[in-house]
Amino acid sequence: MIFRKIKKKVNTAGFTIMEMIVSIFIIALISGIFLVNYHGASQRSGLINVVQKAISDVKLAESYCLGTKEYDGAMPAGGWGIFFSLDSPGSYVIFADKNNNQQYDSGEADSAKGGKTIVLPNRIILDSINLGNRADIIFLPPDPTIYINGASNSAHIKFRESIANTTKTMEVNSFGLAEAVD
């Protein structure tokens, strides 16, 4: 009789426990890094959106002036403007300068008459203004003439997102051009 050696076939097509643990660890690590970066990018894009909205609102105030938009039934004597204040860092105002004093006064932003108060999203606030505690940016027709805190200045308004503590600055120059800087 011929004896044959019988080989037992071993299945090597699967993974060992150690290979599975290492693979899961690598996937978890990469996922964690992605989620951290995604959250930070989401916060930064929210801040950029707020600054772009503020820039568009500066242009809206200018278009109100050029389009002779009425406030309470008449064109405001001092034109239209936008007001930022560190006393209320969670909002800013588009207003009609009714008394032509080139600054925002209470009662000049009534939404029923044509003004607007823009509330910033949670976690985003006004952080600083290079001109002090407030910035009044006024557009006076017909050119329009621009007044920033009563003179021809440039305003730098910095917004801050509180979770990632990132900032973005909007500049409005003496020609009324608004842009994001940094």
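Given the structure, is ALA61 free of Cβ contacts under 8 Å to residues at least 60 places away in the same chain and either outside any loop (DSSP other than H, G, I, E, B) or under 20 Å from PRO121 (Cα atoms) (or both)? Answer is no for this residue. Every condition in (1) small (Gly, Ala, Ser); (2) crowded, with 18+ Cβ neighbours inside 10 Å; (3) modelled with pLDDT of 95 or more holds for GLY78 except the one numbered (3).
Does ASN153 satisfy the condition of being part of a loop (DSSP other than H, G, I, E, B), in contact (Cβ under 8 Å) with a residue 12 or more places away in the chain and either surrounded by 14 or more Cβ atoms within 10 Å (Cβ to Cβ) or not basic (Lys, Arg) (or both)? Considered against the rule, which asks whether it is part of a loop (DSSP other than H, G, I, E, B), in contact (Cβ under 8 Å) with a residue 12 or more places away in the chain and either surrounded by 14 or more Cβ atoms within 10 Å (Cβ to Cβ) or not basic (Lys, Arg) (or both), ASN153 comes out as yes.
Can you find a residue that is at pLDDT 95 or above, of a type in the set (Ser, Thr, Tyr) and surrounded by fewer than 22 Cβ atoms within 10 Å (Cβ to Cβ) anywhere in region 47-61? Taking every residue of region 47-61 in turn, at least one turns out to be at pLDDT 95 or above, of a type in the set (Ser, Thr, Tyr) and surrounded by fewer than 22 Cβ atoms within 10 Å (Cβ to Cβ). If ILE129 satisfies all but one of (1) of a type in the set (A, V, I, L, M); (2) farther than 13 Å from ALA54 by Cα; (3) touching a Gly at 6+ places or on another chain (Cβ under 6 Å); (4) modelled with pLDDT of 90 or more, what's the number of the condition it fails? (3) is the only condition that ILE129 fails. Filtering region 112-125 to residues that are in a loop (DSSP other than H, G, I, E, B) and either free of Cβ contacts under 8 Å to residues at least 12 places away in the same chain or basic (Lys, Arg) (or both) leaves ALA112, LYS113, ASN122, ARG123. Taken over region 81-111, the criterion of being surrounded by fewer than 16 Cβ atoms within 10 Å (Cβ to Cβ) and outside any loop (DSSP other than H, G, I, E, B) is satisfied by SER91 alone. When ALA54 is tested against (1) free of Cβ contacts under 8 Å to residues at least 12 places away in the same chain; (2) among the hydrophobic types (A, V, I, L, M, F, W, C); (3) not in a loop (DSSP other than H, G, I, E, B), exactly one condition is not met: (1).
The values are calculated or read from the model by the stated rules, or taken from the named source; none is laboratory data. Please read these numbers as outputs of a predicted model, since none were measured by experiment. Cβ sites come from the backbone with ideal geometry, for glycine too, and all protein chains shown count toward neighbours.
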